[in-house]
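Participant: Attaching a single structure in structure tokens format; questions to follow.
The values are calculated or read from the model by the stated rules, or taken from the named source; none is laboratory data. Note that the structure is a prediction, hence the values are computed from the model and not measured. Cβ atoms come from the backbone with ideal geometry, glycine included; neighbour counts cover every protein chain shown.
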Amino acid sequence: MKYSKVITIAGILLAIGMGSLLTAGDVDLRVKSILDDAGYKYEIDSDNDFKMVFDTDDNRTQLVFVNSGTETYGDFEIREVWSPVYKFKGNLPAGYANKLLEQSYMKKIGSFDVWVRSDGSKVVRFCAKIAADADASTLTDVIRAVYTTADMMEKELTGKKDEY
């Protein structure tokens, strides 16, 4: 009995220690390792998130963020992988909102949502919420799904402008 308590306490201390190895400052080293191994070029933004630009078709590019910060739901740790689509002020036009809801329903992973920025402007983004400890294959597949989906919708909503 004494040993099981010692092992449990040691396990908790080890888990706490391992958690501190996962981040350098606020940059999530789990993501950094995967992106580095995949050969992705990225910057770390002011929020310590990973910011990448990918080439898409028609000589376009698309911006993608992989958040270092995570959230939890019960025991499930969640990370956002997202890409901006369309910037607006006020209300999103009803036709756009309906299109985004319909398209969200069709997606196997991720959905469109609206991010309200600190300056009051709003950005439609395509966002996938995945396990924070997703393996390399899952994270790279999700990144590709997010930037291709966001770029297609950006083309459609903006008349082919390439802002992101």
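Participant: Any chance the stretch 115-130 includes a residue that's closer than 18 Å to V64 by Cα and among the hydroxyl-bearing types (S, T, Y)?
Facilitator: No, there is no match, as no residue in the stretch 115-130 is closer than 18 Å to V64 by Cα and among the hydroxyl-bearing types (S, T, Y).
Participant: Filter the stretch 131-153 down to the residues that are under 10 Å from V64 (Cα atoms) and assigned to a strand (DSSP E or B) and list them by number.
Facilitator: Selection gives nothing.
Participant: Among the residues of the stretch 41-56, write down those that are of a type outside the set (V, I, T) and touching a residue at least 60 places away in the same chain (Cβ under 8 Å).
Facilitator: So in the stretch 41-56, the residues of a type outside the set (V, I, T) come out as 41-43, 45-52, 54-55.
Matches in the stretch 41-56: M52, F54.
Participant: On to the next question. From the list D135, D141, D75, exactly one residue is closer than 22 Å to V31 by Cα and modelled with pLDDT under 95. Which is it?
Facilitator: D75
Participant: Could you identify the single residue in F112, F88, F54 that is under 20 Å from E163 (Cβ atoms) and either polar (S, T, N, Q) or modelled with pLDDT under 95 (or both)?
Facilitator: F88
Participant: So, in the stretch 118-138, of the ones that are closer than 12 Å to E80 by Cβ and of a type in the set (K, R), which residue ends up surrounded by the most Cβ atoms within 10 Å (Cβ to Cβ)?
Facilitator: R125
Participant: Going by the conditions given, is Y86 over 23 Å from V53 (Cα atoms) and either aromatic (F, W, Y) or touching a residue at least 60 places away in the same chain (Cβ under 8 Å) (or both)?
Facilitator: It is false that Y86 is over 23 Å from V53 (Cα atoms) and either aromatic (F, W, Y) or touching a residue at least 60 places away in the same chain (Cβ under 8 Å) (or both).
Participant: Under the condition of being of a type in the set (S, T, N, Q) and within 22 Å of G69 (Cβ to Cβ), which residue from the stretch 81-114 is surrounded by the most Cβ atoms within 10 Å (Cβ to Cβ)? Show your work before the answer.
Facilitator: Step one: of the stretch 81-114, the residues of a type in the set (S, T, N, Q) are 83, 91, 98, 103-104, 111.
Right, trim to within 22 Å of G69 (Cβ to Cβ) and you get 83, 111.
Numbers: S83: 26, S111: 17.
Looking at residues that are of a type in the set (S, T, N, Q) and within 22 Å of G69 (Cβ to Cβ), I get S83.
Participant: From the residues in the stretch 41-59 that are buried (at least 16 other Cβ atoms within 10 Å of the Cβ) and not acidic (D, E), which one is nearest to the chain's Cα centre (by Cα)?
Facilitator: Once the filter is applied, the top-ranked residue is F50.
Participant: Quick one: would you say A136 is touching a residue at least 60 places away in the same chain (Cβ under 8 Å) and either touching a strand residue (DSSP E or B) at 6+ places or on another chain (Cβ under 6 Å) or closer than 15 Å to A150 by Cα (or both)? It would help to see each step written out before you state the result.
Facilitator: Numbers: touching a residue at least 60 places away in the same chain (Cβ under 8 Å): yes; either touching a strand residue (DSSP E or B) at 6+ places or on another chain (Cβ under 6 Å) or closer than 15 Å to A150 by Cα (or both): no.
No, not satisfied.
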